[in-house]
1. Which numbered condition in (1) among the acidic types (Asp, Glu); (2) over 19 Å from the mean Cα position of the chain (by Cα); (3) buried (at least 17 other Cβ atoms within 10 Å of the Cβ) is the only one that Asp485 fails?
2. Tell me which of these Thr75 doesn't satisfy, since it passes every other one: (1) modelled with pLDDT of 50 or more; (2) touching a Lys or Arg at 6+ places or on another chain (Cβ under 8 Å).
3. For Asp120, indicate whether it is among the acidic types (Asp, Glu), touching a Ser or Thr at 6+ places or on another chain (Cβ under 9 Å) and within 18 Å of Pro196 (Cα to Cα).
4. Please identify the pairs in which a residue from region 170-190 that is of a type in the set (Gly, Ala, Ser) has its Cβ atom under 9 Å from the Cβ atom of a residue that is surrounded by fewer than 19 Cβ atoms within 10 Å (Cβ to Cβ), counting only partners at least 6 apart or on another chain.
5. Out of (1) modelled with pLDDT under 90; (2) over 14 Å from Leu188 (Cα atoms), what's the single condition that is false for Asn83?
6. Anything in region 502-529 that is of a type in the set (Phe, Trp, Tyr) and closer than 17 Å to Thr301 by Cα? List them, or say none.
7. Can you pull out the residues in region 188-207 that are under 21 Å from the mean Cα position of the chain (by Cα) and not charged (D, E, K, R)?
8. Looking only at residues that are assigned to a helix (DSSP H, G or I) and aliphatic (A, V, I, L, M) in region 419-434, which one is nearest to the chain's Cα centre (by Cα)?
Amino acid sequence: MRVFSWFRKRKNLVLGISLLLGITMLSGCGSSSGGGGGGAKENLTIGMTNAPDSFNPLFNPGIAGQFTIRFMYDTLLGMPEPNKFTPQLAESFETQDKQNFTIKLNPKAKWTDGKPVTADDVVFTLNTIANPKVESTKGSYISMLEGVNDVGKLESGDKIPGLEAKDEHTVVLKTKRPVDPNYIKSMLGFEVYIIPKHVFEKIQPADIATSDAATKPTVTSGAFKFVNYKTNDHVELAANADYYKGAPKLKKIFIRVMNGTNLVTELKSGNVQLAASGGIGVIPVKDLDVLKNDSKLTITTAPSLNTQYLEINNSNPAFNVQFRRAVTMAINRKKLVDDLYKGTAQLVPTVYTKVSPVYDASVELLPNDLEKAKQELAASGFDTSKEIVLQVPIGNVLREQSADLIQQDLQALGLKVKQQKLDFPTTLANAKKGDYEMMLLGYALTADPDYSSYFVPGGGNNFAHVNDPKLTEMMVNAALLTSADERKAAYSEIQKYMRDNQFIVSLYEQDQIMAQSKNLKGGIKDFWEGSLDDLYQWHFE
């Protein structure tokens, strides 16, 4: 009897330890956070198929990095819908003459170390972006300011003229000439993260990109604070209890990096409660019906500003306009959309999608015509005996599958194409350096149509390394027009010029597929870029 009693006690002890270990393991990485019982409802896990490339508020070319940074840093304005602005760090952003602007800051806003967010922080941020020694993707967003060049950099001096802190909570700035107020609010107001002067002024400008302040931020202004990043696995964020809009209702957010197949599995299991969408949390279309039939999930779709591209390195003289046109006409883009996306993607002739307020429906696609493509290729003079490497970032399953179809089409054109699959941060680093021939990338573009950052020499997102003087002039002039009608006409001409020159190949606009647990209140919106506007109010019911 004693023997049996000992076994029973030992069995119960082992079972108890096993249960305790299991609970500890589940709570440790946040994989079961959110949607569960008790305290688990205070945590949210978001699934993302692209790893963040950067936490640097001044340099963040990748969409996944931009998305993650917005949890930690606030901008002056929110934009829940295109050209509909809400106060964030700025309570107001006003002008009387469309050239001189006054920004009033929220006096309650403060950094996570307790210091107030002041006008000096705003002035310091803009001057730092304009500093030629500072690596930044934000230059095009301030290029309308007096004293900076077309990529937002100072060519003399160390301060932007007309930019001044009038008092602790008032900033004044001046543009080169009158501009559309929605333009400067959308670009400078919504796209520029304000940084803490008292932290970054201690760092040499050339060293900011590699500093701890940029890579492991501890002093931020947003609803959530950085805790930890396990490379290519997950980002852990904790609520900023002193957030000036009010303490977030969620206590922790985990952004987990996984492929599309695992994202579907984790959504169904409840371990992930939200797909990041936006081209960085992509749900495979083949699994869409499975998710729609899950009573615990809400699935919606909407057109977007997100487009997938074939980047052709314009700095390579062999890839001239005839070559680029040949490549475009050889690719059966309709087959990509029909076979891979099953009605959840649309063809667009340029980077401007149907969601853009300046989209011109009269600009037609270059046709899919293999014979004409071969004629253009012959006219280009390209040596078809040379092998071309197509770099493909891993993680987005549909993009990887599109690479196979594109490779087949280009081989039918007469080109020798080899794929090279790389993780997303490496691909993006290669794009920035111009260390590639062809590459697949996706952009999450702004509601404002000024995409000069992607096409003007020196632009922080000019991954195709475009250097076309006419396009530069067209984009710079269009950005500074003061009326919406004038700007729309100017961008219509830009779309025609882009279509004819194929600086990059617009493969398709990718509709947003939004998936989340039904008991999550908040989450991704139809206008993806504005999804985090009410982040501090997200909660589970």
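1. With (1) among the acidic types (Asp, Glu); (2) over 19 Å from the mean Cα position of the chain (by Cα); (3) buried (at least 17 other Cβ atoms within 10 Å of the Cβ) applied to Asp485, the lone miss is (3).
2. (2)
3. In short, no.
4. Qualifying pairs under 9 Å: Ser186/Pro82; Ser186/Asn83.
5. Asn83 satisfies every listed condition except (2).
6. Tyr508, Phe527, Trp528
7. Of everything in region 188-207, those that are under 21 Å from the mean Cα position of the chain (by Cα) and not charged (D, E, K, R) turn out to be Leu188, Gly189, Phe190, Val192, Tyr193, Ile194, Ile195.
8. That would be Leu428.
The values are calculated or read from the model by the stated rules, or taken from the named source; none is laboratory data. Since the model is a prediction, treat every value here as computed from it, not as a measurement. In this analysis, Cβ positions are derived from the backbone assuming ideal geometry, glycine residues included, and neighbour counts consider all displayed protein chains.
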